[in-house]
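The values are calculated or read from the model by the stated rules, or taken from the named source; none is laboratory data. This one's a predicted model, so the numbers in the text were calculated from it and none came from an experiment. Because the Cβ atoms are built from the backbone with ideal geometry, glycine has one as well, and the counts that use them run over all protein chains shown. Ligands, DNA and RNA are excluded from the accessible area calculation, which covers all protein heavy atoms including side chains. Shrake-Rupley method; radii C 1.70, N 1.55, O 1.52, S 1.80 Å.
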Amino acid sequence: MPDKLNDFSTKLLINQALIDHQIACRESLYDFNHSRPSEQQKRQDILNKILKQCQGTHIEPPFRCDMGSNLSIGKGGFINYGLIVLDIAPVTIGDHVLIGPNVQLSAAGHPVLLSERVQPYACGDPITIGNHVWIGAGSIVLGGVSIGDNTVIGAGSIVVKDIPSNVIAAGNPCKVLRRIEHGQLPTEEEIQAMYHQLGLKA
């Protein structure tokens, strides 16, 4: 765990511009979270406005993030109720990612030393989630963590270190339990065709 301001990859001075940015993000998220279930286009338009990138992954309200401008989300995924993203540092979510209810992605942090912690800085380290990842309900992913492609994180896990691709990992702290042999995976074209047949966007 970092114990100095300089140990964080992101260090932002808390000033009025940062506060105004966060308030604008929260105003837009209020509209997103209070939209009607049938207003899917309205929800997508709001996400396109506030997020760094959002390629069509479905997000169920309520959803909260700090900045929006540091959050990138790929295509074809599903994010269930109650995702919280503290994106002071960049948070990147890949394609076809499934995220269960009440998951937290906490890229924000604070120095350990009080003399540094009281200084007006927002600090953090990036989070990277690969393609085709499934994060179970109630899991917490901390800053500085990468989760590899095709991996499953068990419900309630606390992820404090990198997790490789193609594994099942779970626990507090989250540890690899076993590798996954996925067998023959569908091509991107086959995935697109399946979604198109259902009238959905992949």
Segment ILE19-HIS34, extension gain: residue separation times 0.36 nm, minus the distance between their alpha carbons: 3.2 nm
What is the distance in Å between the Cα centroid of segment 97-144 and that of segment 36-60? 22
Counting helices only, and only those DSSP H runs with n ≥ 4, report the 222 nm mean residue ellipticity of the chain as the sum of -39,500 (n - 2.57) divided by its residues, in deg cm²/dmol to the nearest 500. -6500 deg cm²/dmol
Would you mind counting up the charge near PRO173? Only other residues with Cβ under 15 Å from its Cβ, with Lys and Arg at +1 and Asp and Glu at -1. +1
Burial order of peptide ranges 13-21, 81-89, 168-176, 181-189 (average beta-carbon count within 10 Å, highest first): 81-89, 168-176, 13-21, 181-189
Please compute the Kirkwood hydrodynamic radius of segment 71-197 from all pairs of different C-alpha atoms, in Å with one decimal. 15.3
Kirkwood Rh in Å, taken over segment 1-137 so that all alpha-carbon pairs contribute: 15.5
Could I have the simple spin-label model distance between ASN102 and VAL176, label points 7 Å from Cα toward Cβ, reported in nm to one decimal? 3.0
Please list, in order along segment 63-76, the HN-Hα scalar couplings obtained from phi with the Karplus expression 6.51 cos²θ - 1.76 cosθ + 1.60 (θ = phi - 60°), rounded to whole Hz, x for Gly and Pro. 9, 9, 8, 7, 10, x, 5, 9, 10, 10, 10, x, 9, x
State the answer as a single residue: which of ALA107, HIS196, GLY171 lies farthest towards the positive end of the charge dipole of segment 91-202, with beta carbon charges of +1 for Lys and Arg and -1 for Asp and Glu, about the Cα centre. GLY171
Quick shape check on segment 24-104: root eigenvalues a ≥ b ≥ c of the Cα gyration tensor, a/c under 1.5 is rounded, otherwise prolate if a/b tops b/c, else oblate, and it reads rounded
Once both label points are put 7 Å beyond Cα along the C-beta direction, the LEU198-ALA137 separation in nm becomes 2.0
Over segment 1-152, average the accessible area per residue using a 1.4 Å probe and give it in Å², no decimals. 48
So the carbon and sulfur contribution to the accessible area of the chain, 1.4 Å probe, in percent, is 54
Going down the list LYS75/LYS161; LYS49/LYS161; LYS42/LYS75; LYS52/LYS161; LYS75/LYS175, which pairs span over 23 Å between their C-alpha atoms? LYS75/LYS161; LYS49/LYS161; LYS52/LYS161; LYS75/LYS175
